[in-house]
Structures are given as structure tokens and as C-alpha cells.
Amino acid sequence: MDDSNPAIQFDERGQCNCCRDALARRPSEWWPGPEGEMRMAQLVEHLKERGKGQTYDAMIGLSGGIDSAYLAHLASRQHGLRLLAVHVDGGWNSEPAVANIESIVRGLDIDFHTHVIEWHEMRDLQVAFLKAAVLNQDMPQDHAFFATLYRTAARFGIRDFLSGVNFASESIVPPNFGYPSIDGRHIRAIHNLFGKSSLESYPIMGVWEYLWMTRARRQLTIHRPLNFIQYDKQSAQAQLKTIYGWRDYGGKHSESRFTKFYQDIYLPRKFGFDKRRLHLSSLIVAGQMTREAALAELSEPPITEQQIKRDIKFVAKKLGVTPTELIELVDAPARQHADYPNNLHLFNASRDLKTLLRASFTRGKQ
Amino acid sequence: MRKRIIPVLLVDQRRRLVKTIGFGPRTYVGDPFNVIRLFNEKEVDEICVLDIDASPLGRSPDLGFLRELASECFMPMAYGGGITAACQCESLNRAGIEKFVLGRSASDLGLVRELASTFGSQATVACVDVANDSKATRHVVQAGRPGVSLNPLDHCKRLEDAGAGEIILQSIDRDGTRNGYDLDLIRAVAPHLSVPTVALGGAGEAIHLAQALHAGASAAASGSAFVFIGRLRAVLVSYPSMLHMDALNDSLS
């Protein structure tokens with residue numbers, strides 16, 4: 001990490017509070033040994049027991065990224081769980097992402113459900129968020145994902161969600177950073193202020209539905225099975241390649257072309273933040289990368305000038321603005337999420353929720 | 001020549017991509033531009049875009065939208081919906097559309113002749129909609145001309161004689177069912193035409209495409225097979241590789 005965030009402090013050994021915190025959490029969050037095997041066996045047995053008489057034992061999300069795909073392989077092929085895989089299509093899927101989802105769904109022969117968000121609504125909401133100039137621009141995509149997850153679980157009577165969130169590559173989360181995508185009130189407020197059309201089918205989870213789903217019904221328990229194994233993205237990808245014909249598309253966070261723009265261009269340019277730091281620091285904490293190798297990777301910019309031009313052009317065209325307008329939106333002064341109506345106070349208690357939020361925060365990092 | 005595999009994209013009044021079942025209930029499939037880009041990267045042979053609301057609403061083709069779409073599209077694009085005159089095809093052609101699909105207006109053989117003489121037969125495509133009646137006899141359904149019962153082969157031959165360079169043979173009963181083409185219909189028509197027959201209606205899997213080609217169609221077209229996957233009919237854009245199609249083809253012969 002570096003000192004670009006005032007909440008990050010370094011001790012006399014040059015270690016920051018994020019890494020110290022992650023190292024302290026490690027023994028209670030990640031069990032890459034015999035204890036992990038035992039926990040995995042217990043979880044599988046528990047899910048099979050709960051799934052008796054039901055169509056599915058658990059639900060997973062499939063984004064087209066490695067974590068969720070490997071998790072599907074692990075749960076279905078290795079442990080024989082009956083899965084329902086869920087995907088939310090926000091209109092930004094890349095070709096490798098859909099091709100890889102296809103290879104996993106066909107290869108494992110698991111049931112698959114997609115929710116397609118009406119593009120004209122999605123576009124209006126995303127432009128509204130850009131105009132709001134806030135940090136979390138992935139919120140329109142992520143909120144739709146959470147809302148769909150809960151509604152699909154309720155529809156199919158599923159009580160357990162297997163999350164691809166894992167300590168090995170995602171343990172580092174800086175304090176006071178990010179904003180919970182689950183806050184439907186915030187979505188509506190920003191859209192009311194800056195949107196042009198109405199949101200009719202976009203899935204907004206309001207506060208009552210949220211409380212009903214999470215506290216009253218306790219619809220979903222969230223599990224993180226990748227923390228029960230020696231999870232290593234490189235070898236996971238190699239296995240997926242051999243078994244399912246997974247295509248290695250080289251780049252990072254390529255599932256959603258918007259997330260790529262957000263992490264490569266919007267965040268560095270508007271907030272001076274390079275999200276690779278989180279991922280690389282996590283790998284160092286997990287013992288899967290050396291600090292020197294990480295620093296060498298960071299010394300290269302995440303994206304070339306030529307790629308920036310190309311991505312700006314692509315995103316602008318898709319959002320129905322000119323490239324100049326998009327650059328103006330990126331370069332406009334940043335605003336705080338707290339400047340807009342929100343329900344942030346509601347979302348601090350639940351552990352499950354924190355897991356989900358972490359998923360959104362680090363989503364797309366490969 | 002290798003037989004073609006053609007995704008058919010249905011566009012509605014609000015420029016949304018949808019897919020129907022039996023020409024009826026619609027499922028939203030997504031943003032046409034993103035879907036076209038995915039097909040570009042999948043190196044699709046050609047694509048057919050049908051505006052299913054244009055003719056019923058008596059509207060002309062949505063030129064501005066089609067120009068944008070064609071400019072994004074790397075593969076040859078056919079378009080149908082609301083074409084009633086040759087002058088419209090002039091503008092469509094300038095917008096980058098290479099083939100014109102006549103559905104409802106194909107009953108006007110004069111228009112078929114005019115398009116064929118102006119743009120050539122290769123650009124003139126007739127879409128023939130076929131349904132089973134109560135006695136399971138197949139007949140051509142012509143919107144706006146109920147009660148006129150036509151035999152599919154006779155009708156296709158007339159279109160061919162008028163200059164249509166390609167016939168899309170569509171089964172209404174199979175539309176959106178995803179359980180396979182009406183192979184008997186293909187067998188009854190395709191071998192007797194000298195122009196290519198494009199099978200449409202009923203495909204859900206790559207094997208169905210191979211079956212249509214095996215039954216004599218020159219090309220297999222589908223909406224569902226390239227946008228849905230699995231038992232739950234989940235939206236996911238896909239396109240079979242040449243290798244996969246060759247393997248399926250070998251398994252049939």
C-alpha cells in the first residue's frame with residue numbers, strides 16, 4: 001500500500017495498518033490446510049442436508065471471472081453440490097466473460113439463471129452516477145446483482161450462497177474506502193437528482209425489502225469455501241483451462257467493460273487511486289507474491305495512453321455521451337457519497353453483508 | 001461452400017432486443033449494440049436483424065438506429081421489417097445493410113421483382129412463415145391476408161421465380177420452442193428450390209442447427225440458440241465454433 005489514503009499509516013517497519021490487520025485476521029479467515037478440509041466437509045454435509053427435498057443445495061454467482069468459476073467447479077464437480085448459478089447482465093459483458101461462463105455452465109451441466117437489466121434504464125442510472133461524481137461507480141451494477149441474488153434465492157427457495165470472495169487475493173481493504181452497494185435509497189436519490197427517465201424494471205432493493213430478506217427471513221447465509229483451500233488464482237486458472245477450455249484473456253477485471261474503465265481510468269484519474277495495490281498487497285499477505293515483484297508490476301501504468309483513448313471512446317459511445325463529455329465527467333471535482341441521501345447507518349451490523357460488500361469492492365480483480 | 005449459421009435478432013419498437021415464443025410472449029435479451037459486439041468477436045458468418053414491430057405498426061425502417069447498428073457490425077447484415085418500397089432499400093443500402101428481408105410485403109411479387117432487378121437477387125430475401133393447421137397440414141401464413149391458404153413449396157417457388165435470391169423458411173409453431181426445427185418442412189421445400197433455403201424456428205442447441213443443414217437447408221438461422229442457454233432459458237450470447245459444427249455434422253452422416 002502507499003500513503004495516498006490518509007487512513008493508511010505505516011509503522012516503524014514500513015508495514016501499513018491494512019496489512020497488519022489482514023495478517024492478524026488471517027488465522028481466523030483462511031485455513032489452507034487440514035482444518036480447511038474439515039470445514040469444507042462439514043459445509044458440504046450441511047448444505048446437502050439442508051438441500052434434501054429441494055432442487056438446489058446452494059446458489060452461486062457467475063461473473064465470468066476466475067474465482068466464481070473455480071468455486072463452481074469445486075462445489076459441483078468435486079463435492080457434488082447441486083447448484084443454481086446466477087448472472088446479472090448489465091450490458092457490459094465482454095466476449096471472454098460470456099464464453100467462459102458458457103464453458104463452465106455446459107461443462108458442469110449446472111442450472112443457470114440470468115437477469116438482464118433493461119439497458120436504457122441502466123445507462124440512465126450510470127450517467128446519473130457519473131454526474132454525481134461519487135467514488136463507487138460500480139454501484140449500479142453491484143446493487144442490481146445483490147437485489148437479484150436475494151430475489152432469485154426467494155423465488156427458488158434457496159437458503160445458502162457460496163461466495164467466491166477469498167482471503168488469498170482479497171484480504172486488503174483500506175479503511176474509509178468504498179461505499180455499500182446494497183443501499184437502495186442512495187441509488188434512488190442519485191437517480192432522482194441526475195437521471196432523465198424513470199427506473200421501472202431496474203431491481204432496487206429498498207430498506208424494507210432489505211430488512212425483510214436479511215433480518216426477518218434470513219434468506220441467505222453466505223459461505224466462502226475458497227477460504228477452506230490453498231486457493232491460488234494461477235493454478236485455479238490452469239485447471240479451468242484444462243478441464244473446461246477456459247480462455248485466459250490476460251488482462252485484469254475484464255468481465256465487465258465498465259468495471260475496467262472504472263478501475264483503470266476513473267479511480268486513478270479522479271481519486272488518485274490504483275486498485276492494483278489492494279490485490280497485490282493481498283497476494284503478498286497470502287504469501288503468493290513477493291513485495292519486489294509487486295512493486296515491479298506497479299511501476300508499469302495499469303493501462304497505456306492508447307488504451308485509455310480507446311476505452312473512453314467505447315464507454316462514451318455506449319453511454320450515449322461524447323468522449324469529451326465523458327472526460328469532463330471524470331475530471332469534475334469528486335463528491336462524497338454522504339453528500340446525497342443514504343441509509344449508510346443501516347448497513348454496519350451484519351457480517352454476511354460485509355462479506356457481500358467486500359465482494360463488490362474487490363470484484364473483477366484477477 | 002461451408003453452410004452458414006445465422007443469428008437472428010429481433011428488435012422491438014423501443015430498440016430493445018427481444019425473443020418471442022410462437023410469435024407471442026417476448027423476453028428481453030439486452031442492448032442490441034452489446035450483443036452485436038459480442039457476435040463480432042465470435043466471428044459470426046452473418047447476422048439478420050428483424051424489426052418485429054415495424055410492419056404491424058405500419059412504420060418504415062428505423063434508419064438512424066440501423067445505420068448505427070450496421071456501423072458497429074463487422075459481419076454482413078440482413079434487415080427486415082417495414083420494407084414496402086424499393087426506395088427504402090436504397091437508404092438501407094447506404095446505411096450499410098446488404099440484404100433486404102421481405103416478410104409481409106413478400107406477398108407483393110412485384111416488389112420482389114423490383115428489388116431483385118435493382119439490387120440483385122443476392123440482396124433480395126423472402127421470409128416465408130409457415131404454420132400447421134388443425135389437420136397438421138403446413139400452410140403459409142400471410143399477415144393481413146388471412147384465409148388464403150398456400151402450400152409452402154408452391155409459394156417459395158413463386159418467390160424464387162420473382163427473383164428472391166434466398167428464402168427464409170420459418171416455422172411459427174416452432175418459434176422459441178428450442179426443441180428443434182420442423183425438419184419435414186425443410187425436407188419438403190429445400191431440395192426443390194434452386195436458391196438457398198435458410199431454416200428458422202425451433203433451434204435451441206447446436207445439434208439442431210446441424211440437423212437442419214443435414215435435412216437440406218443451406219443455412220441454419222436461429223434467435224434462441226444464440227441467446228439462451230440451459231433449462232432455465234438463461235440469456236447468454238453464444239455461437240458454435242466451426243470445429244464444433246463439423247463434429248456435429250460428422251455425427252449425423
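Could you tally the net charge around A:ARG26, taking each other residue with its Cβ under 14 Å from the Cβ of A:ARG26, Lys/Arg +1 and Asp/Glu -1?
Combined, the nearby Lys, Arg, Asp and Glu give -1.
Please state, as a whole number in µm²/s, the translational diffusion coefficient that the Stokes-Einstein equation yields for the protein assembly as shown at 25 °C and 0.890 mPa s, with Rh defined as the Kirkwood radius across alpha carbon pairs. Can you show the working numbers first?
Details: Rh = 26.4 Å.
My calculation gives 93 µm²/s for D.
If you find the alpha carbon centre of segment B:35-104 and of segment A:262-302, how far apart are they in angstrom?
45
Quick one: if the Förster radius is 25 Å, what FRET efficiency do B:ARG2 and A:ARG247 give, using the C-beta to C-beta distance and rounding to 0.05?
My answer for the efficiency is 0.60.
Using label points projected 7 Å from each Cα along Cα→Cβ, tell me how many nm separate A:ARG335 and B:GLU43, to one decimal.
Distance between label points: 4.7 nm.
Sum -39500 (n - 2.57) across every DSSP H segment of at least 4 residues in chain B, then divide by the residue count to get the 222 nm mean residue ellipticity, nearest 500.
The per-residue figure over chain B is -9000 deg cm²/dmol.
How much length is gained if the chain between A:SER201 and A:PHE156 is pulled fully straight, taking 0.36 nm per residue apart and subtracting their Cα-Cα distance, in nm to one decimal?
Details: separation 45, 0.36 × 45 = 16.20 nm, distance 2.00 nm.
Taking 0.36 nm per residue and subtracting the Cα distance, the gain is 14.2 nm.
Comparing the chain by itself with all protein chains present, which residues of segment B:217-253 are at least 30 Å² less accessible (probe 1.4 Å)?
Residues passing the criterion (a loss of at least 30 Å², heavy atoms only) are B:ILE229, B:ARG231, B:LEU232, B:ALA234, B:VAL235, B:LEU236, B:SER238.
Could you tally the net charge around A:GLU305, taking each other residue with its Cβ under 15 Å from the Cβ of A:GLU305, Lys/Arg +1 and Asp/Glu -1?
+1
In whole angstrom, how long is each semi-axis of the equivalent ellipsoid of segment A:216-324, when you take the square root of 5 times every eigenvalue of its Cα gyration tensor and sort them from largest down?
29, 21, 17
Measure off 7 Å from each Cα along the Cα-to-Cβ vector at B:ASP250 and A:GLN9, then give the distance between these two points in nanometres to one decimal.
6.8
Note down the relative contact order for chain A as a percent, whole number, built from C-alpha pairs under 8 angstrom at least six residues apart.
It rounds to 24 percent for chain A.
For the ranges B:117-128, B:222-233, A:41-52, what's the packing order if you count other beta-carbon atoms within 10 Å of each residue, average per peptide, and put the highest first? Can you show the working numbers first?
Details: B:117-128: 19.9, B:222-233: 21.9, A:41-52: 14.5.
Ranked from most to least packed, the peptides come out as B:222-233, B:117-128, A:41-52.
Where in segment A:279-311 is the amide nitrogen less than 20 Å from a point lying 7 Å along the Cα-to-Cβ axis of B:SER71?
Answer for this model: A:309-311.
Tally Lys/Arg at +1 and Asp/Glu at -1 over every other residue whose Cβ is under 12 Å from the Cβ of B:ARG178; what's the total?
That works out to +2.
Pull up all non-local amide H partners of A:VAL134: gap of 5 or more, or a different chain, and H-to-H distance under 5 Å with H placed in the peptide plane.
Residues meeting the criterion, in which the H sits 1.01 Å from N, are A:ARG335.
At a probe radius of 1.4 Å, what is the per-residue accessible area of B:ASP250, in Å² to the nearest 10?
Approximately 110 Å² of B:ASP250 is accessible to the 1.4 Å probe.
Can you give the helix-only mean residue ellipticity at 222 nm for chain A, where every DSSP H stretch with n ≥ 4 adds -39500 (n - 2.57) and the sum goes over all residues, rounded to the nearest 500 deg cm²/dmol?
-14500 deg cm²/dmol, from helical runs alone.
What are the ³J(HN,Hα) couplings of segment B:171-182, residue after residue, when phi is run through the Karplus curve with 6.51, -1.76, 1.60 and θ = phi - 60°? Round to Hz, x for glycine and proline.
Going residue by residue, I get 9, 5, 4, 8, 3, x, 6, 6, 10, x, 6, 7 Hz, with x marking Gly and Pro.
With a 1.4 Å probe and all protein chains kept in place, how do A:HIS345, B:HIS139, B:HIS155 rank by accessible area, largest first?
Descending order: A:HIS345, B:HIS139, B:HIS155.
Do any residues of segment A:109-140 show a loss of at least 20 square angstrom of accessible area between the isolated chain and the full protein assembly, using a 1.4 Å probe, and if so which?
Listed in order, they are A:ASP111, A:PHE112, A:THR114, A:VAL116, A:GLU118, A:TRP119, A:HIS120.
Give the Cα extents of chain B along the principal axes, in whole Å, largest first.
The principal-axis extents, from largest down, are 43, 42, 36 Å.
Just the number please: accessible area per residue for segment A:203-324, 1.4 Å probe, all protein chains included, in Å².
Per residue, segment A:203-324 has an accessible area of 48 Å².
Would you list A:LYS260, A:LYS241, A:LYS318 from the most to the least accessible area, probe 1.4 Å?
Largest to smallest exposure gives the sequence A:LYS241, A:LYS260, A:LYS318.
Suppose we take every Cα in chain A and form the convex hull; what volume per residue is that in Å³?
137
Over segment B:4-252, with every protein chain in place, what whole percent of the accessible area is carbon and sulfur at 1.4 Å, could you tell me?
51
Sorted by accessible area with a 1.4 angstrom probe, largest first, how do A:TRP30, A:TRP212 fall?
Working: A:TRP30 10, A:TRP212 135 Å².
From most exposed to least exposed: A:TRP212, A:TRP30.
Relative contact order of chain B, please, whole-number percent, based on alpha carbon pairs below 8 angstrom and at least 6 residues apart.
17
B:LYS42: which lysines have alpha carbons under 29 Å from its alpha carbon, excluding same-chain residues fewer than 8 sequence positions away?
Cross-link targets: A:LYS233, A:LYS241, A:LYS252, A:LYS260, A:LYS309, A:LYS313, A:LYS317, A:LYS318, A:LYS365, B:LYS3, B:LYS19, B:LYS99.
For the pairing of chain B with chain A, what total accessible surface becomes buried, with a 1.4 angstrom probe, in square angstrom to the nearest 100?
Buried surface at the B/A interface: approximately 2100 Å².
In square angstrom, rounded to the nearest 10, how much accessible surface does B:LEU213 have for a 1.4 Å probe?
Accessible area of B:LEU213: about 20 Å².
The values are calculated or read from the model by the stated rules, or taken from the named source; none is laboratory data. Since this is a predicted model, take the numbers as computed values, not measurements. Cβ: placed from backbone, ideal geometry, glycine included. Neighbour counts: every protein chain shown. We work out accessible area using only protein heavy atoms, side chains counted, and drop any ligands, DNA or RNA first. Shrake-Rupley method; radii C 1.70, N 1.55, O 1.52, S 1.80 Å.
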